[in-house]
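See below for the structure under consideration.
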Amino acid sequence: MRAKRCGHPVEPSQTAMKPDGQLQLPPDSTSGDADALIPPLIRDLTAVVAAVFDLTGCCREGNRGFAYLLDRDDPPAVGEQVGQWFAQPDFQHLLAVTDPATGNDVYEGNLSLGDADRFLRTIRGRVQRKGDYLLLLGEHDVADLERLAASVLQLNEDLAQTHRDLVRANRQLHRDKAEIRRLMLTDPLTGAANRRRFAECCRDEIEEASETSGYRLALIAADLDFFKKVNDSFGHDVGDRALIAFTEAMRAKTRDDDLVVRLGGEEFCVLLPKTGLAEAGQVAERIRVQFADTDIDGVDGRLSASFGVVSWQAGWDIDDLLRAADQALYRAKRGGRNRVEIADDPCETKV
């Protein structure tokens, strides 16, 4: 409901309070001088309600207790229409019962003010007619105010706790999302990156190599030798241990920036950013030796692996790079296995 303003501004005057606690207008108040009518002592009190209105329902002054009664932070401005806030009794009824013609200029009892759609507050108070003005004096239930203050404090604490809970939940959500992404991009058996992760990283590295002059990128393709025989002879559990051991060997001989990948089955690769062909060949050889010297529980003897090494060439995509590495790997297989084959001329493999 929009606040209305009344006309005829008034000039400040002095006020007083009778010994019985009633507000007292100065002698000339009936002529229209009715501003500053509430003593400074009670102007800032919240438990005490004090206000002065003219007979049209316009506020001449109100203290903080009156502001609280109207569910506001500050008292109404001088001249603001507040008569519509009187719910029980309404303002017209107050005018009628305090009409001097009735022989009674005072209403004493419960006063309910507010808007039924938003709030309604009730106090025990007294309204007295003084000439052309109504004087309101009442008090809030202090215990009620204390309960309200306690409720506000509790609500603030609950809000703060809710905020803390939301922060913790948000952090956990981020951790869960990161873990879900890690699982989506990781081979569950060996912990190596999977084909999807390889495609993402390799695409980024090829883009970097395409845009940066002199950028080097190498790929090692690897395959466990006679792996089917391992599964057939010793069982799949032993085969799984062999795959895990091979992954650990690759990690032990590569950098943190290198990406160890299980493409599927016994097929692996290592993506090596900022690495030339010769250096990648040395890395593959170190992995070969490491794995060949590894004891695997359940395997009689030692296992081996074969490697194909290739360097990215301008214009190649992921498929071209993998194809070149696979061709070098096949040459290592045909050459007797347990060896590293470095692509002599990668351009021969471009389709």
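The values are calculated or read from the model by the stated rules, or taken from the named source; none is laboratory data. The shown structure was predicted, so the numbers you read here are calculated from the model rather than taken from an experiment. No Cβ is skipped: glycine too gets one built from the backbone with ideal geometry, and neighbour counts run over all protein chains shown.
Listed by first and then second residue, the pairs linking a residue in the stretch 296-312 that is in the same structural domain as VAL283 (by TED's automatic domain parsing) to a residue that is hydroxyl-bearing (Ser, Thr, Tyr) and surrounded by 13 or more Cβ atoms within 10 Å (Cβ to Cβ), with Cβ atoms under 8 Å apart and 6 or more places separating them unless they lie on different chains, are ARG302/THR294; LEU303/THR294; GLY308/TYR330; VAL310/THR349.
Per the listing LEU189, LEU183, LEU173, the residue uniquely more than 30 Å from GLY265 (Cβ to Cβ) and either surrounded by 10 or more Cβ atoms within 10 Å (Cβ to Cβ) or in the same structural domain as ILE244 (by TED's automatic domain parsing) (or both) is LEU173.
For ALA292, the test of being under 46 Å from the mean Cα position of the chain (by Cα) and among the small types (Gly, Ala, Ser) is failed. All conditions in (1) in contact with a strand residue (DSSP E or B) (Cβ under 8 Å, 6 or more places away or on another chain); (2) closer than 30 Å to LEU303 by Cβ; (3) at pLDDT 90 or above hold for ALA209, with the sole exception of (2).
Any chance the stretch 151-165 includes a residue that's β-branched (Val, Ile, Thr) and in the same structural domain as ILE244 (by TED's automatic domain parsing)? No, the stretch 151-165 has no match at all.
Candidates are the residues of the stretch 53-96 that are polar (S, T, N, Q) and either touching a Lys or Arg at 6+ places or on another chain (Cβ under 7 Å) or crowded, with 17+ Cβ neighbours inside 10 Å (or both); the one that is farthest from ASN110 (Cα to Cα) is GLN81. Filtering the stretch 238-247 to residues that are closer than 11 Å to VAL299 by Cβ and not β-branched (Val, Ile, Thr) leaves GLY239, ARG241, ALA242, ALA245. Pairs meeting the criteria (first residue in the stretch 69-82 and in contact (Cβ under 8 Å) with a residue 12 or more places away in the chain and within 22 Å of HIS140 (Cβ to Cβ), second residue basic (Lys, Arg) and assigned to a loop (DSSP other than H, G, I, E, B), beta carbons under 9 Å, at least 6 apart or on different chains) are ASP71/ARG118.
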